[in-house]
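The values are calculated or read from the model by the stated rules, or taken from the named source; none is laboratory data. These numbers were taken from a predicted model, which means no experiment stands behind them. Every residue, glycine as well, gets a Cβ built from its backbone with ideal geometry; the counts of neighbours run over all protein chains shown. Note: areas computed on protein heavy atoms with side chains; ligands, DNA, RNA excluded. Shrake-Rupley method; radii C 1.70, N 1.55, O 1.52, S 1.80 Å.
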Amino acid sequence: MGKTFVAGVGMTEFIKPRGLVEYEDMGCEAAVKALLDAGITYDEVQYAVAAFCYGDSCSGQRALYQLGMTGIPIMNVNNNCSTGSTAIYNARTLIASGAFDCVLCLGFEKMERGSLGSKWGDRTNPIAQLGRMMFETKEASNGPLACQLFANAGVEYCDKTGGSYDSMAKIAEVNHRHSAKNPYSQFKDVYTFDQVKGSPAIHGPVTKLQCCPTSDGAAAAVLVSERFLEKHPELKNQAIEIAGQHMTTDTPKTFSTSSMDLVGYDMSQKAAKAAFAEARLTPNDVQVVEVHDCFAPNELITIDALGLCEPGNACEFVLKGDNTYGGKYVINPSGGLISKGHPLGATGLAQCAELVWHLRGWATNRAVPNTRNALQHNIGLGGAVVVSVYRRSDGSTAPQSLKDGNDGRSRLGYNPAVEAHPITKEMLQKVQARDHSDYMFKGSKMFKDAQL
């Protein structure tokens, strides 16, 4: 199987869902940044995967046609909260098979305010069985269904291992603190442990500040083959290898009596073992981790499932500070979903961007010493999980000090890991395909003057 590399990444700021930005504009911004970072135009993209959960069919085409109408295949995917990393998984599979050398992954979401709910009342909800199983074994509350599912899993983990519920509040405190240094985060306020624990209760010990918000936003990544890199040697100093990756869907164990398996503990554990095996690495070889913390209890059980701590020891691991700077790992330096935000289709690609920046040494305001390998976990109920292991292509440690060079920073005009800027017409024009239609911008709010 051929190697696959991330050559370019880009994202928008994650914002509250207020209808201020159209999905196609967010998607275009993220894609332009990723293409500029990779130093290519849309003409070189042979295949695209668009990731979103809420929206009409062919929304990916609507966003990408602004870059060009080159006739390439565009695949639209939806795998609940793991949609973004599902796009990456599809792209890597295509590249590894030799079918394509350059694939663009684009994730975006325009969401509604409030907790998630079903959009269709006339058909079966894909996670209805999860809710039915939970209500057969646990006492229901008025909290959102997803929060109840994950909160029950966290409580079960703590009760089984003798751990403290405080570990969940500690996770949220850490992630809110991390997000203050991420320019793309929806929330940058820092909260104390007591403030997190004392915020309004949602379900059991889980409080409001332990829950992710709904968000609008987009993120993108350009994935390329080794053959593509040979033709573009200037990208080798910034290309990051996806050394191992695995997608797992639900097993019969999901519908056991365990609240942890109901939200994917078993799935995550299987995917992690397979991804590490492919990469020929172990959890001890990783320095930076992006975990799907839609709710703090999910991060707690996932730390255990991924093998980041000794079995049954995640609570002590967190309370000891092994999930933040100065500990064994830095988990969610981006702020995670809890504070960075969670636009469903963009989440997995935003996690990818964060880890790529760390491995390049670009995340200078939140750098993790001696970064050589990184781990990504992205899960969606209903269900699917994707676990990915990233490493520097040269096997070296990410540089601690950066020199100005011919890389994505020079093409963008700033360091995207520490600064968030909108795109300009000039940036768009640099990456547009030769064959494009400015008609696609009619009615766009991206630029004051839509005439390009």
Self-check item: When residues of the stretch 167-190 are limited to those that are of a type in the set (Ser, Thr, Tyr) and over 22 Å from Gly312 (Cβ atoms), the one surrounded by the most Cβ atoms within 10 Å (Cβ to Cβ)
Solution: Ser179
Practice problem: Can you tell me which residue within the stretch 192-229, out of those that are surrounded by fewer than 20 Cβ atoms within 10 Å (Cβ to Cβ) and of a type in the set (Ser, Thr, Tyr), is modelled with the lowest pLDDT? | Solution: Thr214
Quiz item: How many residues are in a helix (DSSP H, G or I), in contact with a helix residue (DSSP H, G or I) (Cβ under 9 Å, 6 or more places away or on another chain) and surrounded by fewer than 21 Cβ atoms within 10 Å (Cβ to Cβ) when one looks only at the stretch 230-253?
Solution: 1
Exercise. Give Leu375, Leu337 a once-over and let me know the one that is under 30 Å from Pro252 (Cβ atoms), at pLDDT 95 or above, of a type in the set (A, V, I, L, M) and touching a Pro at 6+ places or on another chain (Cβ under 8 Å).
Key: Leu375
Quiz prompt | Filtered residues of the stretch 297-326 (kept if open to solvent by 10 Å² or more (accessible area, probe 1.4 Å), at negative phi and assigned to a loop (DSSP other than H, G, I, E, B)) | solution = Cys309, Glu310, Pro311, Asn313, Lys320, Asp322, Thr324, Tyr325
Quiz item: Has the stretch 5-27 got at least one residue that is surrounded by 24 or more Cβ atoms within 10 Å (Cβ to Cβ) and part of a loop (DSSP other than H, G, I, E, B)?
Solution: yes
Quiz item: Within the stretch 50-84, which residues are buried (at least 24 other Cβ atoms within 10 Å of the Cβ), in contact with a strand residue (DSSP E or B) (Cβ under 6 Å, 6 or more places away or on another chain) and within 12 Å of Phe108 (Cα to Cα)?
Solution: Ala50, Ala51, Phe52, Gly60, Leu64, Cys81, Thr83, Gly84
Quiz item: Among the listed residues Arg392, Arg366, which satisfies the condition of being at pLDDT below 95 and surrounded by 14 or more Cβ atoms within 10 Å (Cβ to Cβ)?
Solution: Arg392
Quiz item: Out of (1) farther than 30 Å from Arg366 by Cα; (2) crowded, with 23+ Cβ neighbours inside 10 Å, the odd one out for Thr161 is which?
Solution: (2)
Quiz item: Mind checking whether some residue in the stretch 339-361 is crowded, with 24+ Cβ neighbours inside 10 Å, of a type outside the set (Gly, Ala, Ser) and part of a loop (DSSP other than H, G, I, E, B)?
Solution: yes
Quiz prompt | Gln129 touching a helix residue (DSSP H, G or I) at 6+ places or on another chain (Cβ under 8 Å), modelled with pLDDT of 90 or more and surrounded by 14 or more Cβ atoms within 10 Å (Cβ to Cβ) | solution = no
